[in-house]
Amino acid sequence: MFAKKKRLQEDNIIKKIYQKYRLRRYLQLIVGLFILSCAFNIFLMPNNIVSGGLSGLSLIFKQVFGWEPSTFIFIGSVILLVISYFTLGKEKTFGSILGSLLYPVFVKLTANFGVLLDIDSTQLLLPAIFGGVLNGIGAGLVFKAGFTTGGTDIINQIVSKYGKVSLGTAMIMSDGLIVLSGGIFFGITKLMYALVVLYIISALTDKVVLGISDSKAFYIITEKEDLVKEFILKYLNHGVTMFEARGGFTKEKQRVLMCVVPTKEYFKLKEGIHQIDNDAFFVVTDAYEVFGGE
């Protein structure tokens, strides 16, 4: 009874999340899919750069069987959605339906963009960079809106669930095989450019989803905690949170000071800690979103 009630509460939370800013989320999805399809048709497909996913696999099928990429992506997406429904459940499948069905439509609609722009394909570096950048921005917008483009994302979830491996490992396995297959059909040079594209996509997707960090979070362990705390409170005018911790090796109790400061004040706090206690231990991480407080 308690588990059922808890599940209902969680479902209500998810519904509220998806209902919030619904129009903006759908607009963001459409813009993201449009950018993804442009990146594919203008930069990746004309140069046979296989950067993973169903779109990458479609280039191999186009080369071998002459299939239109949009047709292959659509058929593959539908098959994977059916498999997802029976293996992952309707909740997880629901988030992939719209992106899975709309993406091949956008790929078809933008199919001639590459011909119209006539990008020079003799120099692969610039198409690889621009293709990766646009792909990363497009994917980031889709993920940030709470959707996915389906495809190998579904395969990754299935492999993770039934293969008992992490989602990251599953992604490396599925997309890695597709990229390596691209290297077999299109050559080692194209494989190297595909790896460049994958790296750019990964970096840009994170930046779009999380944003550019404008704050830094400090975790500080020092013998002079009162002086460090006073420096942060009075000189930098920022709050400090203190919590208890225990050393993994020494087993001794320690206090950790945690504070978030704007990136422009990172140098002041870092050097201030060194001036107060040169033996202080601290870790600095990016803080992408900070809410609450004065």
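Below is a table of values for the structure above.
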| quantity | calculated |
| --- | --- |
| Within segment 38-75, tally of residues that are at positive phi and modelled with pLDDT of 95 or more | 0 |
| Boolean, GLY66 is free of Cβ contacts under 8 Å to residues at least 40 places away in the same chain and farther than 19 Å from LEU141 by Cα | yes |
| Scan of segment 94-117 for residues that are of a type in the set (Val, Ile, Thr) and without any contact (Cβ under 8 Å) to a residue 24 or more places away in the chain, ordered by number | VAL115 |
| Options LYS164, LYS190, LYS216, LYS144; residue that is within 30 Å of HIS274 (Cα to Cα) and either touching a residue at least 60 places away in the same chain (Cβ under 8 Å) or not assigned by TED's automatic domain parsing to the domain that holds LYS270 (or both) | LYS216 |
| Of the criteria (1) in contact with a Ser or Thr (Cβ under 6 Å, 6 or more places away or on another chain); (2) over 20 Å from ILE30 (Cβ atoms); (3) part of a helix (DSSP H, G or I), which one GLY114 fails | (1) |
| Check on VAL256, touching an Asp or Glu at 6+ places or on another chain (Cβ under 9 Å), more than 30 Å from PHE43 (Cβ to Cβ) and buried (at least 17 other Cβ atoms within 10 Å of the Cβ) | yes |
| Scan of segment 201-236 for residues that are within 15 Å of the chain's Cα centre (by Cα) and either surrounded by 16 or more Cβ atoms within 10 Å (Cβ to Cβ) or part of a helix (DSSP H, G or I) (or both), ordered by number | ILE201, SER202, ALA203, LEU204, THR205, ASP206, LYS207, VAL208, VAL209, LEU210 |
| Qualifying residue in segment 270-285 (condition: closer than 30 Å to VAL209 by Cα and surrounded by fewer than 10 Cβ atoms within 10 Å (Cβ to Cβ)) | no |
| Segment 240-253, residues that are within 33 Å of the chain's Cα centre (by Cα) and either among the β-branched types (Val, Ile, Thr) or surrounded by 14 or more Cβ atoms within 10 Å (Cβ to Cβ) (or both) | VAL240, THR241 |
| Strands (runs of 3 or more DSSP E) wholly inside segment 240-291 containing at least 2 residues that are β-branched (Val, Ile, Thr) and in contact (Cβ under 8 Å) with a residue 12 or more places away in the chain | 253-262, 281-287 |
| Test set (1) in a helix (DSSP H, G or I); (2) at pLDDT below 90; (3) in contact with a Phe, Trp or Tyr (Cβ under 9 Å, 6 or more places away or on another chain) - GLU91 fails condition number | (3) |
| Selected residue (only one of GLY136, GLY176, GLY163, GLY146 is surrounded by 23 or more Cβ atoms within 10 Å (Cβ to Cβ) and either more than 12 Å from the chain's Cα centre (by Cα) or not basic (Lys, Arg) (or both)) | GLY136 |
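The values are calculated or read from the model by the stated rules, or taken from the named source; none is laboratory data. All values derive from a computational prediction rather than experimental measurement. Using ideal geometry, Cβ is built from the backbone for each residue, glycine included, and neighbour counts are taken over all protein chains shown.
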